[in-house]
Each structure stands twice: as C-alpha cells, then as structure tokens.
C-alpha cells in the first residue's frame, strides 16, 4: 500500500482548497442563484479532483482508501450540478 501524502506544500494546498470549497458551499446555502457561476466552477473542479484522484488510485500512486473522499467529491459535484440545473428550469 502506498504511503499517505506528506509533502507540506501538498497538504497546505489541499487544506486551502477544502476551505475554499467549504466557503462557497456555505455561500450557496444562502444564495445559490447569486453565486451560480462560482458553484459551476467548483463543481467542475470537484469532477477534476475525482478524475485525477481515481487515476492516482488506479495507477497505485496513492493508496485505495483515498478513493472514498475522492468519490465524495464526485457526489457533491453531481448534487450541485443538479441544484443548478433546477434553477434553470424556474
């Protein structure tokens, strides 16, 4: 099993991205229509995180337990895309 990522820069970048995604999701809870473009960007970024993360899991670059949080990113992305599409129908 591959080791967990330990590079300080990597850990800081991931922490910053988690904070940023959390901030936008908090804002989306109060005004989804007002920040729809930022949520689209976040959803696309989460799909990229899923794709790259699963690639690294499949190729053995990172250990398989990392597939769980990566899959959670995909779930959040799909839920937000669904919510944004429902705004278009209104």
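Where a number appears in this text, it was derived from the coordinates with a stated rule and is not lab data. What you see is a predicted model; the values in this text were computed from it and never measured. We place every Cβ from the backbone using ideal geometry, glycine too, and count neighbours over all the protein chains shown.
At-a-glance table
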item	result
Pairwise label distance in nanometres, residue 9 with residue 67, each label 7 Å out on the Cα-Cβ vector	3.0 nm
Fewest-first ranking of 17, 87, using other Cβ atoms within 10 Å as the exposure measure	87, 17
Simple spin-label estimate for residue 29 and residue 58 in nanometres, 7 Å along Cα-Cβ	3.5 nm
Expected 222 nm ellipticity per residue - DSSP helices of 4 or more, -39500 (n - 2.57), all of the chain, to 500	-27500 deg cm²/dmol
Kirkwood Rh in Å, taken over all unlike Cα pairs in segment 31-75	11.2 Å
Counting all C-alpha pairs of the chain, share separated by more than 16 Å (%)	59 percent
